[in-house]
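J.: Questions regarding the structure given below will be posed in turn.
The values are calculated or read from the model by the stated rules, or taken from the named source; none is laboratory data. Predicted model, so just to flag it, every value in this text is computed and none were measured. For neighbour counting, all protein chains shown are included, and Cβ atoms are generated from backbone atoms with ideal geometry for every residue, glycine included. Accessible surface is based on the protein model in full, side chains and every heavy atom, while ligands, DNA and RNA are left aside. Shrake-Rupley method; radii C 1.70, N 1.55, O 1.52, S 1.80 Å.
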Amino acid sequence: MGVFLSVKNLLLKHVQAIEQNKKNFVNDPARDFTRTRKLSFSDTVMMVISMECGSVRSELLKYFSYSPDTASSSAFVQQRGKIKPDAFKALFQSFSAQLPSPTYREYHFFAVDGSDVQIPLEGPCDEYRYFRNGQQSDYFQLHLNAVYDLLGEHYCAAYTEPRKGHNERAAFHKLLEEQAFPDKSLFIFDRGYEGYPLMAHISSKNQFFVIRAKDNHTGGILKGLALPQEDEYDFSFNKICVDRWRLRYNNAPELYHRVHCSNTPYFINASVKEYPLAFRVVRFRLDNGSYECLLTNLPKEEFDLTALKDVYGMRWGIETSFRYLKHSVGLLYFHSKKIESIEQEIWARLILYNFCMAVTSDIGKKKKTARYLYKPNIANAIHVCRRFLKTLTDETPPNVEQLISGELSPVRAERNSPRKQPIIKPRKFNYRVY
């Protein structure tokens, strides 16, 4: 059995497991999906997962292989309206947990970041609404917080919330409590995540972190530390996190750090009022002459300054994944204006991305020339995988692995270019490809 069929069967196995417990994932367990319809529970789920950027009718025709017996758009909307977004979330969690998670130096590498998603809502949705000046119409945004397995190349945890007032650190606290991460997990963060509560929470789980911090003289937690005067250094600190300031702490104020009570329930409680935190501050020079600071609790004998540079450089994998998730998988295109259906499609896009990467990454990288290492073209692989993921087609899929490996792209590890910030606009329904 090929890689594609084995991964597809794994996904269908988890879809069937969700269907067996569908009473927990439908709005009306006594009535929903109790009669025979053209679109069953599993067919509706797979339809949402495999949808592209076309209209609902065109996607139904593709799913039913252009059969005259194709279900109507109204029937599909009614069927998906019966399913809670939690069904897709549970499917994402169970399927992702079965995907391989390779290690490097016995550590699992996870990148943590968030991305804004433009959504086509209508009506009184003030928690998602943003106002524009002049004659421009209002727009709506949702924030996706994700944990990405850098070596396994798939999303292993996610959390959605309104863009307005979002808090990425609070979202990761929630994910860290709810998700069972493997031992020796290393979480890599960009700027904006630094803080004693986050570092202490990760340490309390016996896990590891690498966090990019603001430089010495630009604020952040480094501003209050006694750092060396050298341009580059690797210095260790020991702090004790406390929930309130007590009189005995006055003898060693540099040793204790008070964290707000709302941020401490993960590692400080009625029985544990003090939590010791050990971490390193690493500062190094970049090729452009600027300096970068990292906070980590990794042991110095295993990860020196040079190794930490490489570790933090791996974080860019989640940025690349967001690009594929939005533009190739289709997170920019939705087929509904209801928040429940939009949440369905967000989880479905994450599932589809993980499915495609599980197929593609197993094909592996190929040496083509002496200059570059070549790998399968991800955009092409996503297109091929989605085409043959549709379950109602009677045709036997061809050699999918051969189709994917037929188009390769060079791996340019040292290539970099300035990040572009395009104007984000919602994709209107009447401009869909039919």
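J.: Tally time: how many residues in segment 3-33 are free of Cβ contacts under 8 Å to residues at least 12 places away in the same chain and acidic (D, E)?
T.: Final tally of qualifying residues: 0.
J.: Sticking with this structure for a sec: Could you please let me know if Q344 is surrounded by fewer than 15 Cβ atoms within 10 Å (Cβ to Cβ), at pLDDT 75 or above and either touching a Cys at 6+ places or on another chain (Cβ under 8 Å) or assigned to a helix (DSSP H, G or I) (or both)?
T.: Details: surrounded by fewer than 15 Cβ atoms within 10 Å (Cβ to Cβ): no; at pLDDT 75 or above: yes; either touching a Cys at 6+ places or on another chain (Cβ under 8 Å) or assigned to a helix (DSSP H, G or I) (or both): yes.
No, not satisfied.
J.: Moving to a separate point now. Restricting attention to segment 116-131, which residues are open to solvent by 20 Å² or more (accessible area, probe 1.4 Å) and closer than 30 Å to S185 by Cβ?
T.: Across segment 116-131, the qualifying residue is only D116.
J.: Within segment 196-235, how many residues are touching a helix residue (DSSP H, G or I) at 6+ places or on another chain (Cβ under 7 Å), within 16 Å of S290 (Cβ to Cβ) and free of Cβ contacts under 8 Å to residues at least 60 places away in the same chain?
T.: Number satisfying all stated conditions: 0.
Quick grid of which residues meet (1) surrounded by 19 or more Cβ atoms within 10 Å (Cβ to Cβ); (2) of a type outside the set (S, T, Y); (3) free of Cβ contacts under 8 Å to residues at least 40 places away in the same chain; (4) over 30 Å from F187 (Cβ atoms):
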| residue | (1), (2), (3), (4) |
| --- | --- |
| P68 | no, yes, yes, yes |
| G81 | no, yes, no, yes |
| S94 | no, no, no, no |
| L99 | yes, yes, no, no |
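J.: So which residues in segment 294-333 are under 25 Å from I119 (Cβ atoms) and among the aromatic types (F, W, Y), if there are any at all?
T.: Within segment 294-333, F322, Y324, Y333 qualify.
J.: A further question follows. In segment 99-127, what residues are touching a Leu at 6+ places or on another chain (Cβ under 6 Å) and farther than 30 Å from D183 by Cα?
T.: Passing the criteria: V117, I119.
Each row is one residue, and each column tells you yes or no for (1) in contact with a strand residue (DSSP E or B) (Cβ under 9 Å, 6 or more places away or on another chain); (2) over 20 Å from L305 (Cβ atoms); (3) modelled with pLDDT under 90.
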{"site": "R191", "(1), (2), (3)": "yes, no, yes"}
{"site": "M199", "(1), (2), (3)": "yes, no, no"}
{"site": "K205", "(1), (2), (3)": "yes, yes, no"}
{"site": "V210", "(1), (2), (3)": "yes, no, no"}
{"site": "D215", "(1), (2), (3)": "yes, no, yes"}
{"site": "L225", "(1), (2), (3)": "yes, no, yes"}
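J.: When only residues in segment 176-211 that are in contact with a Phe, Trp or Tyr (Cβ under 6 Å, 6 or more places away or on another chain) and open to solvent by 10 Å² or more (accessible area, probe 1.4 Å) count, which is nearest to H257 (Cα to Cα)?
T.: By that ranking, first place goes to S204.
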